[in-house]
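For reference, the structure is listed below as structure tokens.
The values are calculated or read from the model by the stated rules, or taken from the named source; none is laboratory data. Note that this is a predicted model, so its numbers are computed, not measured. Here the Cβ positions follow ideal geometry from the backbone for every residue, glycine too, while neighbour counts run over all protein chains shown.
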């Protein structure tokens, strides 16, 4: 039995006017019910709330102002979930609405709470239906699109599968006679290394090929098999998890990091930046050491003790992310010092700027 996280986008769910396509919703729900009957636990991450709201409000073009989008989401969330609720009910299956913002996954406590809630819903036989809470999210705390949200949920839940449903049959690479569908990607080939053909997209949603590649990279790195397939195919999910080749399939990587470091790597947004010299960067990468003040050359962002910071080289290359044991002002005061000098300069100096157990490399 595996947790199967499925994401479907606005371009698959809605027609050109933004109206929900009942046939697509019905086929998707039937497919998820079949996945559930096969012993798996489906989790649905859905777009479409804003499109539903715009259609109900009579707005014909997608606005750009945040309050307009949030108002449309407030109207559309209920419409979207009501469709899913009613359709799942015809199969005798309960559906549960879960709205998340980036801030919910940034905080470790709410991240764990969300994971526990989703796990309990699955234990009770319900199908969680997740969407970003666009009504309260701002540009600074959004996931960017639901592909990223789906990948974060898949990592959070230690899913076996991530299925990204889109308006195409999968990813396309260049061929002799034009773009050709990419089927099974060889093991060991990272999603970002796959050569893609240029294809036109739609303008209904925020996601695109780049976000799907980024989401697939995130999931594959954590040992989650990932499929990008057509949302118009009524049995895409059940066929994919049964082992059939549907769309573009990425085999899982090794995925051996701790739950804390997975959260740190993907879910937590940095509150500041600590710049280090080349020697400190090599020690972090090659020897897995803690970050000591002697290797720090600068810091910024106004971070406090316990905040997550990004560690970069003097050339701006990201080394990793970690939980800072010191505030920005404290780090600035001891930057470049030996540990002995830092203890004299900062009473209560914790011994390192970032402990190695609270640091994760970003490759």
Seminar exercise, completed: All conditions in (1) in contact (Cβ under 8 Å) with a residue 40 or more places away in the chain; (2) more than 30 Å from residue 120 (Cα to Cα); (3) in contact with a strand residue (DSSP E or B) (Cβ under 7 Å, 6 or more places away or on another chain) are true of residue 18 except (3)
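For the range 3-25, how many residues meet the condition of being within 22 Å of the chain's Cα centre (by Cα) and assigned to a helix (DSSP H, G or I)?
The first filter runs over the range 3-25 and keeps only residues within 22 Å of the chain's Cα centre (by Cα), leaving 3-13.
Imposing the further condition that a residue be assigned to a helix (DSSP H, G or I) reduces the set to 10-13.
Total satisfying the criteria: 4.
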Problem set entry | Only listed residue being touching a residue at least 12 places away in the same chain (Cβ under 8 Å) and within 11 Å of residue 275 (Cα to Cα), chosen from 294, 360, 309 | 309
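Is it true that residue 335 is touching a residue at least 12 places away in the same chain (Cβ under 8 Å), touching a strand residue (DSSP E or B) at 6+ places or on another chain (Cβ under 6 Å) and over 29 Å from residue 105 (Cα atoms)?
Details: touching a residue at least 12 places away in the same chain (Cβ under 8 Å): yes; touching a strand residue (DSSP E or B) at 6+ places or on another chain (Cβ under 6 Å): yes; over 29 Å from residue 105 (Cα atoms): yes.
Judged against the criteria, residue 335 is a match.
Each row is one residue, and each column tells you yes or no for (1) part of a loop (DSSP other than H, G, I, E, B); (2) buried (at least 24 other Cβ atoms within 10 Å of the Cβ); (3) under 23 Å from the mean Cα position of the chain (by Cα); (4) modelled with pLDDT of 90 or more.
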residue	(1), (2), (3), (4)
1	yes, no, yes, no
27	no, no, no, yes
30	no, no, no, yes
33	no, no, no, yes
39	yes, no, no, yes
59	yes, no, no, no
69	no, no, yes, no
Exercise. Can you tell me which residue in the range 157-180 is modelled with the lowest pLDDT, limited to those that are buried (at least 24 other Cβ atoms within 10 Å of the Cβ) and not in a strand (DSSP E or B)?
Worked result: 171
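Regarding the range 348-356, can at least one residue be identified that is surrounded by fewer than 22 Cβ atoms within 10 Å (Cβ to Cβ), touching a strand residue (DSSP E or B) at 6+ places or on another chain (Cβ under 7 Å) and in contact (Cβ under 8 Å) with a residue 60 or more places away in the chain? Before you say what the answer is, go through the steps one by one.
Residues of the range 348-356 that are surrounded by fewer than 22 Cβ atoms within 10 Å (Cβ to Cβ), as a first pass: 348-352, 355-356.
Right, trim to touching a strand residue (DSSP E or B) at 6+ places or on another chain (Cβ under 7 Å) and you get 352.
Then drop every residue that is not in contact (Cβ under 8 Å) with a residue 60 or more places away in the chain, which leaves 352.
Checked against the condition, which is being surrounded by fewer than 22 Cβ atoms within 10 Å (Cβ to Cβ), touching a strand residue (DSSP E or B) at 6+ places or on another chain (Cβ under 7 Å) and in contact (Cβ under 8 Å) with a residue 60 or more places away in the chain, the range 348-356 yields at least one hit.
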For this session: Please work out if residue 328 is surrounded by fewer than 22 Cβ atoms within 10 Å (Cβ to Cβ), modelled with pLDDT of 95 or more and farther than 19 Å from residue 278 by Cβ.
Result: yes
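Can you name the residue in the range 87-104 that is in contact with a strand residue (DSSP E or B) (Cβ under 9 Å, 6 or more places away or on another chain) and assigned to a helix (DSSP H, G or I) and, of all such residues, is farthest from residue 126 (Cα to Cα)?
Filtering the range 87-104 down to residues in contact with a strand residue (DSSP E or B) (Cβ under 9 Å, 6 or more places away or on another chain) leaves 87-89, 93-102.
Then drop every residue that is not assigned to a helix (DSSP H, G or I), which leaves 87-89, 102.
Values: 87: 13, 88: 10, 89: 11, 102: 24 Å.
Step by step, filter the range 87-104, then rank; the result is 102.
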Exercise. Residues 253, 188, 223: which one is part of a loop (DSSP other than H, G, I, E, B), modelled with pLDDT under 85 and within 18 Å of the chain's Cα centre (by Cα)?
Worked result: 253
Exercise. In contact with a helix residue (DSSP H, G or I) (Cβ under 6 Å, 6 or more places away or on another chain), buried (at least 21 other Cβ atoms within 10 Å of the Cβ) and in contact (Cβ under 8 Å) with a residue 24 or more places away in the chain: does that describe residue 97?
Worked result: no
